[in-house]
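Single-structure report; data block below.
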Amino acid sequence: MTSSPERPSSPDRRGRVTRRGLLKGTAASSAAALGSYRAGAQEAQGGDPSGGETVHVQLTINGASHEFTLDVRTTLLDLVREQMDLTGTKVGCNHGQCGACTVLLDGVRINSCLMLAAAADGRSMTTIEGLGTQDELHPMQSAFIENDGFQCGYCTPGQIMSAVGCVTEGHAGDEAEIREYMSGNLCRCGAYKGITNAVAQARDDTLEWAEAT
Amino acid sequence: MRPFNYQRPANAEEAVAMVDPMGVAGQGGAFLAGGTTIIDLMKLHVVTPPSLTDLGPVGLDEIEEGNDGTLHVGARVTMAKAAEHPAFRDRAPVLSEALWKAASAQLRNVATLGGNVLQRTRCPYFRDNVSPCNKRDPGSGCAAIGGINRLLAVLGTSEQCIANYAGDWANALILFDATVETMSGDGGREIPFADLHVLPEDHPERETVLGDDELITGYRLKIPGWARRSLYVKARDRDSYAFALASAAVALDMDGDTVREARIGLGGVATVPWRAREAEEFLSGQSLTEETAMRAGEIAFDGAQPYEHNAFKVPLGRNAVAKGLLDAASLDLAGEAQQ
């Protein structure tokens with residue numbers, strides 16, 4: 001057996017592999033494995049000194065007016081989760097492909113991950129936290145429970161916000177239309193049947209709710 | 001996302017004055033409309049504009065009809081609004097169907113028609129920001145030609161690029177001799193929509209004839225009465241919310257069973273929005289049967305160049321054309337009120 005001078009752990013070439021170094025390395029790589037989103041969020045919160053430009057933004061969120069000074073890169077999704085601690089709105093793909101981050105902006109559903117908070121200045125946003133309360137659920141929330149419209153629950157806030165938009169935008173006419181107009185929300189558990197039934201069940205009550213609010 | 005400067009102009013004139021197009025390889029300042037393409041690509045670092053000029057405050061978000069029946073469509077009309085506008089839905093259903101069969105409801109609520117026709121390719125090698133890609137990094141090569149090219153183009157390709165044009169609405173708009181209205185530092189101009197996109201050839205990084213500070217402000221088009229007989233066939237990997245593997249936009253002017261005029265656009269299979277003019281010419285004066293519809297599909301794909309994984313797009317595309325023609329011909333419009 002010959003000893004290779006190129007061995008990466010060779011102490012005289014690369015320095016001693018210490019336990020502390022190993023732990024630091026492991027921690028760094030697990031942080032990386034947690035996904036680029038956290039890193040991106042911290043970058044967007046001004047943690048990166050090269051981040052640069054900030055912008056002043058006013059938004060009405062769940063009925064209350066708020067003002068922020070934000071890194072311009074902050075998306076509405078970053079804003080509600082990181083600044084408002086409203087973590088009901090979920091990070092899924094972070095690229096507009098899954099619908100987990102769906103919120104209502106001026107009453108219509110959007111992917112909050114793809115909209116800069118700066119571009120929503122002056123507008124009004126509703127998240128899942130603004131839809132119902134623990135004591136008085138929104139009819140769509142009740143319908144999801146009654147119809148088993150979820151399994152793991154991760155996509156559910158986005159599904160429910162999208163379902164409300166689907167109804168109020170006038171596209172919950174029948175099952176085929178509901179399926180077409182809910183297709184921007186993926187459910188990896190496959191609860192689609194229950195979701196479709198929930199939207200159909202809560203349609204009329206949701207329209208009444210929309211008129212009242 | 002890389003840092004950028006955020007700018008809010010009050011109107012379109014200010015927007016083109018402040019967009020700051022200086023840059024290299026398309027990485028100059030960019031306009032921000034709905035953002036559903038550019039924010040996605042900025043997160044991937046595929047595009048890294050030094051500034052974004054937000055078109056939010058500039059208006060341009062109405063569809064208006066002139067006295068002579070010409071439609072003027074603002075560039076910031078959303079896909080959702082346009083899909084449900086009676087001018088499209090009732091008078092040229094292909095222009096509505098190509099919209100509601102695209103993207104998701106959430107995306108259509110913010111994505112605009114100006115940005116929609118400029119949507120970037122979904123070629124995975126363009127998006128991965130690592131592979132050689134002449135579109136993203138001119139001169140670096142094309143990883144798609146010898147790679148996994150199932151989703152990519154078979155028409156209008158070059159040895160430098162086989163990235164397909166990903167959108168749907170443009171394949172329908174190209175049927176109607178529409179005009180693109182633009183504004184830039186040099187003033188404004190009108191461009192025939194069919195001339196907006198350019199083939200990749202030796203410069204796939206260049207996708208349109210637009211200058212770096214040139215903004216699409218709207219479209220002008222006149223919808224012929226017979227465009228009620230139009231539709232959009234879209235074949236994809238799942239029933240909804242997926243890009244076209246192959247699509248056909250079809251509008252037919254029929255005299256009984258005989259074709260007076262046919263217009264055919266193709267999607268999912270070409271590097272740019274594609275008008276199948278030879279197939280249209282073949283159909284003119286023919287009676288429309290399963291045989292002539294299939295023949296039109298074959299002609300539409302004459303000259304197609306399939307690659308290792310996307311040869312299936314040729315028969316799929318031919319069949320989409322034939323299905324579009326036959327379905328359009330059999331639309332029962334008699335029962336509907338005349339416009």
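The values are calculated or read from the model by the stated rules, or taken from the named source; none is laboratory data. What you are looking at is a predicted structure, and each value in this text was computed from that prediction instead of being measured. Please note: Cβ atoms are built from the backbone with ideal geometry, for glycine as well, and neighbour counts cover all protein chains shown. Heads up: the accessible areas ignore ligands, DNA and RNA and are worked out on the full protein's heavy atoms, side chains in. Shrake-Rupley method; radii C 1.70, N 1.55, O 1.52, S 1.80 Å.
Condition check ((1) assigned to a strand (DSSP E or B); (2) open to solvent by less than 10 Å² (accessible area, probe 1.4 Å); (3) of a type in the set (Ser, Thr, Tyr); (4) touching a Pro at 6+ places or on another chain (Cβ under 7 Å)) across all residues:
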{"position": "B:Thr36", "(1), (2), (3), (4)": "no, no, yes, no"}
{"position": "B:Val46", "(1), (2), (3), (4)": "no, yes, no, no"}
{"position": "B:Leu52", "(1), (2), (3), (4)": "yes, yes, no, no"}
{"position": "B:Asp68", "(1), (2), (3), (4)": "no, no, no, no"}
{"position": "B:Ala82", "(1), (2), (3), (4)": "no, yes, no, no"}
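Being at pLDDT 95 or above and small (Gly, Ala, Ser) is a condition met by at least one residue of the range B:60-76.
The one condition from (1) over 22 Å from B:Lys81 (Cβ atoms); (2) within 9 Å of chain B (Cβ to nearest Cβ) that A:Gly96 does not meet is (1).
Which members of the range B:115-139 meet the condition of being open to solvent by less than 10 Å² (accessible area, probe 1.4 Å) and not in a loop (DSSP other than H, G, I, E, B)? Answer for the range B:115-139, where residues must be open to solvent by less than 10 Å² (accessible area, probe 1.4 Å) and not in a loop (DSSP other than H, G, I, E, B): just B:Phe126. Scanning the range A:52-85 for residues that are within 19 Å of the chain's Cα centre (by Cα) and within 13 Å of another protein chain (Cβ to nearest Cβ) turns up A:Leu70, A:Asp71, A:Val72, A:Arg73, A:Thr74, A:Thr75, A:Leu76, A:Leu77, A:Asp78.
The rows are residues; the columns are (1) buried (at least 18 other Cβ atoms within 10 Å of the Cβ); (2) more than 28 Å from A:Glu82 (Cβ to Cβ); (3) touching a residue at least 24 places away in the same chain (Cβ under 8 Å); (4) not hydrophobic (A, V, I, L, M, F, W, C).
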site: A:Ala100; (1), (2), (3), (4): yes, no, yes, no
site: A:Asp106; (1), (2), (3), (4): no, no, no, yes
site: A:Leu114; (1), (2), (3), (4): yes, no, yes, no
site: A:Cys152; (1), (2), (3), (4): no, no, yes, no
site: A:Val199; (1), (2), (3), (4): yes, yes, yes, no
site: A:Asp205; (1), (2), (3), (4): no, yes, yes, yes
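Going residue by residue through the range B:109-128, is there one that turns out to be within 20 Å of A:Glu177 (Cα to Cα) and modelled with pLDDT of 95 or more? Yes, the range B:109-128 contains a residue that is within 20 Å of A:Glu177 (Cα to Cα) and modelled with pLDDT of 95 or more. Of all residues being in a loop (DSSP other than H, G, I, E, B) and touching a residue at least 60 places away in the same chain (Cβ under 8 Å) in the range B:211-230, which is farthest from B:Pro21 (Cα to Cα)? Just the residue, please. Among those residues, the one meeting the criterion is B:Arg229. The residue that is farthest from the other protein chains (Cβ to nearest Cβ), among those in the range B:96-109 that are part of a loop (DSSP other than H, G, I, E, B) and crowded, with 24+ Cβ neighbours inside 10 Å, is B:Ala102.
Considering the conditions (1) without any contact (Cβ under 8 Å) to a residue 60 or more places away in the chain; (2) more than 14 Å from chain B (Cβ to nearest Cβ); (3) outside any helix (DSSP H, G or I), A:Gly170 is excluded by exactly one of them, (2). Against the criterion of being within 20 Å of B:Ala178 (Cα to Cα), in contact (Cβ under 8 Å) with a residue 60 or more places away in the chain and touching a His at 6+ places or on another chain (Cβ under 6 Å), B:Val272 qualifies. Only one entry of A:Ser142, A:Ser124 meets the criterion of being touching an Asp or Glu at 6+ places or on another chain (Cβ under 6 Å), surrounded by fewer than 23 Cβ atoms within 10 Å (Cβ to Cβ), touching a residue at least 12 places away in the same chain (Cβ under 8 Å) and of a type in the set (Ser, Thr, Tyr), and that entry is A:Ser124. Taken together, A:Gly88, A:Gly92 contain a single residue that is under 14 Å from the mean Cα position of the chain (by Cα) and open to solvent by 40 Å² or more (accessible area, probe 1.4 Å), which is A:Gly92. Screening A:Gly52, A:Gly63 for residues that are touching a residue at least 60 places away in the same chain (Cβ under 8 Å) and open to solvent by 50 Å² or more (accessible area, probe 1.4 Å) leaves exactly one candidate, A:Gly63. Filtering the range B:54-66 down to residues that are away from chain A (no Cβ under 11 Å) and in a loop (DSSP other than H, G, I, E, B), which residue is surrounded by the most Cβ atoms within 10 Å (Cβ to Cβ)? Filtering the range B:54-66 for residues that are away from chain A (no Cβ under 11 Å) and in a loop (DSSP other than H, G, I, E, B), the one surrounded by the most Cβ atoms within 10 Å (Cβ to Cβ) comes out as B:Leu60. Looking only at residues in the range B:1-34 that are small (Gly, Ala, Ser) and part of a loop (DSSP other than H, G, I, E, B), the one that is modelled with the lowest pLDDT is B:Ala25.
Residue-by-condition table, conditions (1) among the small types (Gly, Ala, Ser); (2) buried (at least 18 other Cβ atoms within 10 Å of the Cβ):
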site: B:Arg260; (1), (2): no, no
site: B:Ile264; (1), (2): no, yes
site: B:Thr271; (1), (2): no, yes
site: B:Ser330; (1), (2): yes, no
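On the given criteria, is A:Thr196 part of a helix (DSSP H, G or I), more than 20 Å from A:Cys101 (Cβ to Cβ) and away from every other protein chain (no Cβ under 14 Å)? Considered against the rule, which asks whether it is part of a helix (DSSP H, G or I), more than 20 Å from A:Cys101 (Cβ to Cβ) and away from every other protein chain (no Cβ under 14 Å), A:Thr196 comes out as no. Considering the conditions (1) in contact with a strand residue (DSSP E or B) (Cβ under 7 Å, 6 or more places away or on another chain); (2) at pLDDT 95 or above; (3) open to solvent by less than 60 Å² (accessible area, probe 1.4 Å); (4) not acidic (Asp, Glu), B:Ser240 is excluded by exactly one of them, (1).
Annotation: of all residues in the range A:108-132 being within 21 Å of A:Thr206 (Cα to Cα) and assigned to a loop (DSSP other than H, G, I, E, B), the one that is farthest from the other protein chains (Cβ to nearest Cβ) is A:Gly132.
Condition check for A:Leu186 on (1) in contact (Cβ under 8 Å) with a residue 40 or more places away in the chain; (2) within 14 Å of chain B (Cβ to nearest Cβ); (3) open to solvent by less than 50 Å² (accessible area, probe 1.4 Å); (4) outside any helix (DSSP H, G or I): one failure, at (3). Could you say which residue among B:Ile148, B:Ile174 is outside any strand (DSSP E or B) and over 30 Å from B:Pro224 (Cβ atoms)? The match here is B:Ile148.
Out of the range B:306-325, which residues are of a type in the set (Val, Ile, Thr) and crowded, with 23+ Cβ neighbours inside 10 Å? Within the range B:306-325, B:Val321 is the sole residue that qualifies.
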